[in-house]
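Heads up, the thing below is written out as C-alpha cells.
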Amino acid sequence: MQETIFNIKSNEQFTKAALEVFKHQFKNNKVYRSFCDLINRHPSDVTKVAQIPFLPIQFFKLREVLSSTEKVEETFTSSGTTGSATSKHFVTDINFYKQSYLNGFANFYGNIEEYTVLALLPNYLERNGSSLVFMVDDLIAKSKNSESGFYLNNLDELAKKLLNLDKKGQKVLLIGVSFALLDLIEKYQFKLKNTIIMETGGMKGRRKELIRNELHQLLQDGFGVGEIHSEYGMTELLSQAYSKGNGVFETPPWMKILTRDTEDALTILPTEKAGGINIIDLANYNSCSFIATQDLGKVYQNGTFEIIGRFDNSDIRGCNLMVL
C-alpha cells in the first residue's frame with residue numbers, strides 16, 4: 001500500500017486509494033468503526049471522497065486509534081497544556097512516516113542534501129514524543145552536512161552560524177517555532193539571501209498570539225527576507241503541508257483538505273467556503289486517515305488552503321456528542 005500511496009499522480013488515483021483505505025480502516029479500526037456505526041455511514045454508502053466519515057481529532061486523546069495489530073514502533077504525543085489530555089498517535093510502521101516527510105520535502109524543496117538544516121525548536125526538544133523533532137532530526141541526518149543541527153537556547157551561536165553560512169552562499173533551511181524565531185530577531189537583525197525561514201506556528205504560551213500577517217511581517221523584517229515559509233502538521237498526522245509565503249498551504253499528492261459546515265459536522269462545503277478543516281492523510285494507513293480537526297480554514301479551487309483560526313470548545317458542534 002505504501003507504493004500505491006506515495007505514487008499517486010492524479011485525482012482519480014487519490015480517490016481510488018482513499019476509498020480503499022476507508023474500507024481497510026472501517027474493517028480494522030475498532031474506534032473508527034464505532035464512529036461510522038454511530039453516524040450510520042458504511043462502505044456500501046460511500047462512493048465519493050466527500051462521503052467518507054471524518055473522525056473528530058479528540059479521539060486521539062481518548063482512545064487507541066489503530067488500524068493494525070502489528071507492534072507499535074513509535075508513539076508520538078502532543079504537547080498539551082498542564083493537566084489536559086494529550087493526543088497519542090501510535091505508529092506501527094515508522095517507514096510510512098519517513099517516506100511521507102522525505103517524499104513531501106523533496107516534492108516542495110528538492111534534495112535535502114543541498115541544504116544545511118538548522119532547527120530552533122526549544123519547546124519540542126524539551127519533551128519526549130515529538131513527531132516534529134523526529135522528522136527534523138532525520139532531515140538533519142539526511143542533509144549529510146556537519147553544519148546542520150538543533151539549537152535550544154544558544155541564540156548567539158545560531159546567529160553566528162546563520163551569518164557565516166549565508167555569506168558563503170550555502171542554502172540554509174532554518175525551521176523554528178514562532179516565539180523562538182522572534183526571540184532570535186530581537187537580539188539580532190539579519191539580511192539573509194540564501195536562507196529559507198520556516199515557522200512551525202505556535203507561541204505555546206510564551207508570547208502573545210499574533211495574526212499570521214503580523215508575525216510574518218516581523219520575521220521578514222528581522223531576517224531580511226522576502227517571504228516566510230510555514231509547515232502545517234500535527235501529532236495526529238504523518239504528512240505535512242507547506243506554504244512558501246502568504247500563508248497559503250499546498251499538500252503532497254497523498255494528502256487532501258476539505259472543509260465542513262461548522263453547524264453540521266457531516267456536511268462538506270464547496271471550495272472557497274470557510275469551515276472546519278477536515279484532513280485526508282493516506283500516510284495514516286495504520287491509524288486513521290480521515291480526521292476532523294479543530295482548525296478553521298478555506299480551501300481554494302486548486303486544492304491549496306489557508307488556516308484562518310481555531311474552534312474554541314464552545315464552537316465544536318456536531319462532534320462533541322460523538323466523543324462522549
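Starting with the highest mean, order 238-249, 2-13 by the number of other Cβ atoms within 10 Å, averaged over the residues of each peptide. Please report the intermediate quantities before stating the final value.
Values: 238-249: 20.1, 2-13: 13.9.
Peptide ranking by packing, descending: 238-249, 2-13.
Just by accessible area at a 1.4 angstrom probe, what is the order of Ile211, Ile228, Ile140 from largest to smallest?
Numbers: Ile211 115, Ile228 0, Ile140 25 Å².
The residues order as Ile211, Ile140, Ile228, largest area first.
What shape does segment 29-103 take by its C-alpha gyration tensor, where a ≥ b ≥ c are the square roots of the eigenvalues and a/c under 1.5 counts as rounded, a/b above b/c as prolate, and the rest as oblate? Can you show the working numbers first?
On the way: a/c = 1.96, a/b = 1.33, b/c = 1.48.
Because a/c hits 1.5 or more and a/b fails to exceed b/c, segment 29-103 counts as oblate.
Please turn the phi angles of segment 266-272 into ³J(HN,Hα) values with the Karplus equation 6.51 cos²θ - 1.76 cosθ + 1.60 (θ = phi - 60°), one per residue in order, whole Hz, x for glycine and proline.
8, 9, 8, 8, x, 4, 6
With contacts defined as alpha carbon pairs under 8 Å and 6 or more residues apart, what's the relative contact order of the chain in percent? Mind showing how you got there, number by number?
Values: 604 pairs, mean separation 57.5, N = 324.
In percent, rounded to a whole number, it is 18.
Along the charge dipole of the chain, pointing to its positive end and built from +1/-1 on Cβ of Lys, Arg, Asp and Glu, which listed residue (Tyr101, Ile57, Thr69) has its Cα farthest out?
Farthest towards the positive pole: Thr69.
Can you show me the helix-derived [θ] at 222 nm for the chain, built from DSSP H runs with n ≥ 4 at -39,500 (n - 2.57) apiece and divided by the number of residues, rounded to the nearest 500. Mind showing how you got there, number by number?
Working: 11 runs with 106 residues, N = 324.
Helix-only estimate at 222 nm: -9500 deg cm²/dmol.
Which distance in Å, rounded to a whole number, links the C-alpha centroids of segment 224-264 and segment 10-71?
So the separation of the two Cα centres works out to 21 Å.
Considering only the chain, what is the antiparallel percent among its DSSP beta bridges, to the nearest 5? Before the final figure, lay out the partial values.
Values: 27 of 44 bridges.
The answer is about 60 percent antiparallel.
How would you order 301-311, 271-281 from highest to lowest mean count of nearby Cβ atoms within 10 Å?
Details: 301-311: 15.4, 271-281: 20.7.
The most tightly packed comes first, giving 271-281, 301-311.
Report, to two decimal places, the Cα Rg of segment 96-232 normalised by 2.2 N^0.38 Å (N = number of residues). Don't skip to the end; give the middle numbers.
Working: Rg = 14.1 Å, N = 137, 2.2 N^0.38 = 14.3 Å.
Ratio of Rg to 2.2 N^0.38 Å for segment 96-232: 0.99.
Rounded to the nearest whole Å², what accessible area per residue is found for the chain with the 1.4 Å probe? Intermediate values should be presented prior to the final figure.
On the way: 15080 Å² over 324 residues.
Normalised by residue count, the accessible surface of the chain is 47 Å².
How big is the gap, in Å, between the Cα center of segment 270-285 and the Cα center of segment 110-176?
What the calculation gives is 30 Å, centre to centre.
Hey, can you rank 164-176, 287-299 by average C-beta count inside 10 Å, highest first?
287-299, 164-176
Not counting ligands, DNA or RNA, and with a 1.4 Å probe, what is Met255's accessible surface area in Å² rounded to the nearest 10?
That residue has around 10 Å² of solvent-accessible surface.
With just the Cα atoms of segment 159-290, tell me how far they stretch along each of the three principal axes, in Å, largest first.
Principal extents (largest minus smallest coordinate, Cα): 51, 30, 26 Å.
I'd like the carbon and sulfur percentage of the solvent accessible area for the chain, probe radius 1.4 Å, heavy atoms only, ligands and nucleic acids excluded.
Working: 7050 of 15080 Å².
Carbon and sulfur together cover 47 percent of it.
Mean Kyte-Doolittle of at least 1.0 and a Cα length of 24 Å or more along the axis: which whole DSSP H helices of the chain meet both? List each step's numbers first, then the result.
Working: long enough: 11-28 (25 Å, -0.92).
Taking the DSSP H segments of the chain (at least 24 Å long, mean hydropathy at least 1.0), we get none.
Please report, in debye to the nearest 20, how large the charge dipole of the chain is about its Cα centre when each Lys and Arg carries +1 at its beta carbon and each Asp and Glu carries -1 there. Please list the in-between numbers first.
Working: 36 positive and 38 negative charges, 21 e Å.
The dipole magnitude comes to about 100 debye.
The values are calculated or read from the model by the stated rules, or taken from the named source; none is laboratory data. Everything numeric here is computed off the predicted structure, so don't read it as measured data. Cβ coordinates were reconstructed from backbone atoms using ideal geometry, including for glycine residues, and neighbour counts include every protein chain displayed. Heavy atoms of the whole protein, side chains included, go into the accessibility calculation; ligands, DNA and RNA do not. Shrake-Rupley method; radii C 1.70, N 1.55, O 1.52, S 1.80 Å.
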